[in-house]
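A.B. asks: I have a structure I would like to understand better, so I am pasting it below and will then ask my questions one at a time.
The values are calculated or read from the model by the stated rules, or taken from the named source; none is laboratory data. Please read all numbers here as calculations on a predicted model, not as lab measurements. FYI the Cβ positions are ideal-geometry reconstructions off the backbone, even for glycines, and counts take in every protein chain you see. Areas reflect the complete protein model, heavy atoms only, side chains present, ligands, DNA and RNA absent. Shrake-Rupley method; radii C 1.70, N 1.55, O 1.52, S 1.80 Å.
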Amino acid sequence: MGYYVGNGVYNYLAQCGEKENFFWTSGDMWLLVYGNESFEPKILTIASARALGEAITEQEHRAVSMAQSLAENTGVPVNFIRFDPNGSMESVTYWEQGMNKIQVISPDGLRNRLIRHGLRMNPSQAAKAINDKSSSPYHEWQRAHMGNSVIVADIDLIRLREGSPTEMIELKRSYIALEAWEPYKQDYKNFLLLSTLAKKRRLGFYIVYNHRTKNPFYDDVSRLKIFSFDHTREPYCSLLGYQSVQQFAQNYVNSDTNEQVN
């Protein structure tokens, strides 16, 4: 079963010469960060929708390795959760740092492990779904068991330098005109969590927006709007300028290739 897949930025990066300078998950795998109400990251999770009995794939290995690299020197642990996309959450495949081998555990076992990592599980509903097409069994379980004290955010895109993370990038798109769009205040909880993780790893954190049209549907990535988000500064969010998608692929975000705003 496929979930949220299509994205014009991903499509461009997958075909350009700078592809190896980026890492992202899409389709049936997610790189997630969970945090508390103080926006402190508590655990980095690779969630993968695949039959439990199958061997671990190269893509899953690479995603776990990237999560470990992202968590390096931050004190944030990493875990791996595989769930059956076509069944209920009766059991999951689970691994975390310090375990010698992958185990199959129950949902209660998963809940208890997340509690031990500092997540306060409660019966209230999560305030925000990860995105509007994230209706996998795992995401449904997550919404049912994690209350408003738990903040969860996707890590959309990581820029690499010699294989090591150097920027975390949040991708946004909508039908709002490029010049008019600004990050939504209701998303700031997620951005604060992502910014905190980025700071711990000494990475830049940026929000990259592109416009898309409804009819005909077109994901226009020819020109991107670039914001910096830093929870240690006021205001948190600052417009850096604009880049073509080619410039974005070829250069670090915080560079002189931004088309400056008058």
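A.B. asks: Please give the calculated 222 nm ellipticity per residue for the chain, where each DSSP H segment of at least 4 residues contributes -39500 (n - 2.57) and the sum is spread over every residue; nearest 500 deg cm²/dmol?
C.D. replies: Computed mean residue ellipticity for the chain: -6500 deg cm²/dmol.
A.B. asks: Take every Cα-Cα distance within the stretch 165-215, group them into 10 Å bins from 0 onward, and report for each bin the whole-number percent of pairs it holds.
C.D. replies: 23, 46, 25, 6, 0
A.B. asks: Next up: Return the long-range amide H neighbours of His211 (sequence gap of 5 or more, or a different chain), with a cut-off of under 5 Å between placed amide H atoms.
C.D. replies: Under 5 Å from the amide H of His211 lie the amide H atoms of Asp220, each far enough along the sequence or on another chain.
A.B. asks: Right, here's the next one. Could you check what % of the DSSP bridge pairs in the chain are antiparallel, to the nearest 5?
C.D. replies: Among the beta bridges of the chain, antiparallel pairing accounts for roughly 75 percent.
A.B. asks: May I pose another question? Which entries in the list Lys19/Lys225; Lys42/Lys199; Lys101/Lys189; Lys101/Lys172 go over 26 Å, if you measure between the two C-alpha atoms of each?
C.D. replies: Flagged as over cut-off: Lys101/Lys189; Lys101/Lys172.
A.B. asks: A further question on this structure: Among DSSP bridges having both ends in the stretch 1-91, what percentage is antiparallel? Round to the nearest 5.
C.D. replies: Given both bridge residues lie in the stretch 1-91, the antiparallel proportion sits at roughly 55 percent.
A.B. asks: Can you give me the % of accessible surface on the stretch 161-229 that is carbon or sulfur? Probe 1.4 Å, all protein chains present, nothing else counted.
C.D. replies: 47 percent
A.B. asks: Let me ask another. Antiparallel as a % of all DSSP beta bridges within the stretch 97-228, to the nearest 5?
C.D. replies: Around 60 percent antiparallel, to the nearest 5.
A.B. asks: Excluding Thr166 itself, calculate the net charge of residues whose Cβ lies under 11 Å from the Cβ of Thr166, where each Lys or Arg counts +1 and each Asp or Glu counts -1.
C.D. replies: Computed value for this residue: +2.
A.B. asks: Hey, can you grab everything whose amide H is under 5 Å from the amide H of Leu240? Only 5+ residues off in sequence or another chain; H modelled, so Pro and N-termini drop out.
C.D. replies: Amide H to amide H, under 5 Å and 5 or more residues apart or across chains, Leu240 pairs with Ile226, Phe227, Ser228.
A.B. asks: Please check: in the Gaussian network model of the chain (C-alpha springs, under 10 Å), which one of Ala153, Ala55, Ala198 has the largest mean-square fluctuation.
C.D. replies: Ala55
A.B. asks: Here is a further query. Dipole magnitude of the chain about its Cα centre, charges +1 at Lys/Arg Cβ and -1 at Asp/Glu Cβ only, in debye to the nearest 20?
C.D. replies: 460 debye
A.B. asks: Carbon and sulfur together cover what percent of the accessible area of the stretch 26-113 at a 1.4 Å probe radius?
C.D. replies: 41 percent
A.B. asks: Where in the stretch 150-245 are there GluC sites (Glu not before Pro) that are in a DSSP coil and have at most 12 other Cβ atoms within 10 angstrom of their Cβ?
C.D. replies: Counting only loop positions with at most 12 other Cβ atoms within 10 Å, the GluC sites (Glu not before Pro) in the stretch 150-245 are Glu162, Glu179.
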